[in-house]
């Protein structure tokens, strides 16, 4: 006899976390998201129903299929995915799990979702994002966007965080994550904080740069002398 887990009947929708790429329609009138793994070719709206990525006519989620929206229980687990190279420009989503769902150890696979908030990380230059700009790739009919500061967004198709939330609708909140709150690992110390080891390292670096500069001058001088001898 097959044992079944008891059915859950929560009083309010469970909350989950995931990462995704924000997208803007080709005509600039609609906004949504596209996933980073299975189903990434199917952009979805803030409030949307899942469909089977294999084209089967069943309603997700089905136990013997991978279809449906996916999310994790823990926000930190979703944030950890943003550390990987291919996901650096993605945003962190907080979602409400709606409809039928299957609970796993680390998250849910489910039929319907509402994206409540999207947190955009810093621009590639390290400055806090004020807009979402064309990332240089996309899906048919959709431009993928990436968090961007005002300076780096110049000359690129872009939309402000508030503008993206307005286009997406359904009460979505788009938040800029902190960029300067955490001190970088290689932050320079002030002169008063430098000790003998730090000063020695700075001196070695300056000497190496001086040696390179002198070698470049010597090389240019040799070329100049040779060119003069040839008339």
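The values are calculated or read from the model by the stated rules, or taken from the named source; none is laboratory data. Just so we're clear, the structure is a prediction, and the values are computed from it rather than from any experiment. So basically every Cβ, Gly included, is an ideal-geometry build from the backbone, and we count neighbours across all protein chains shown.
Remarks
Listed here are the residues, each with its yes/no results for (1) closer than 23 Å to residue 69 by Cα; (2) more than 14 Å from the chain's Cα centre (by Cα); (3) in a loop (DSSP other than H, G, I, E, B).
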{"site": "119", "(1), (2), (3)": "yes, no, no"}
{"site": "132", "(1), (2), (3)": "no, no, no"}
{"site": "135", "(1), (2), (3)": "no, no, no"}
{"site": "153", "(1), (2), (3)": "no, yes, yes"}
{"site": "164", "(1), (2), (3)": "yes, yes, no"}
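- Filter pass, residue 89 being within 19 Å of residue 164 (Cα to Cα) and either in a loop (DSSP other than H, G, I, E, B) or outside the structural domain of residue 131 (by TED's automatic domain parsing) (or both): yes
- Taken over the stretch 70-80, the residue count meeting the criterion of being part of a helix (DSSP H, G or I) and buried (at least 17 other Cβ atoms within 10 Å of the Cβ) is 1.
- Single match in 157, 127 (criterion: surrounded by 10 or more Cβ atoms within 10 Å (Cβ to Cβ), at pLDDT 70 or above and farther than 23 Å from residue 36 by Cα): 127
- For residue 201: the one exception among (1) at pLDDT below 95; (2) surrounded by 15 or more Cβ atoms within 10 Å (Cβ to Cβ); (3) farther than 22 Å from residue 78 by Cα: (2)
- Given (1) modelled with pLDDT of 95 or more; (2) exposed (fewer than 14 other Cβ atoms within 10 Å of the Cβ), index of the condition residue 133 fails: (2)
- Residues satisfying the stated conditions in the stretch 99-124, i.e. surrounded by fewer than 18 Cβ atoms within 10 Å (Cβ to Cβ) and over 28 Å from residue 135 (Cα atoms): 99, 100, 102, 103, 104, 105, 106
- The residues on offer are 52, 67, 83, and the sole one that is more than 25 Å from residue 167 (Cα to Cα), within 22 Å of the chain's Cα centre (by Cα) and part of a loop (DSSP other than H, G, I, E, B) is 83.
- Subset of the stretch 142-151 (residues that are more than 16 Å from the chain's Cα centre (by Cα) and at pLDDT 95 or above): 142
- Within this structure, residue 143 fails the test of being closer than 30 Å to residue 63 by Cα and either assigned by TED's automatic domain parsing to the domain that holds residue 27 or in a strand (DSSP E or B) (or both).
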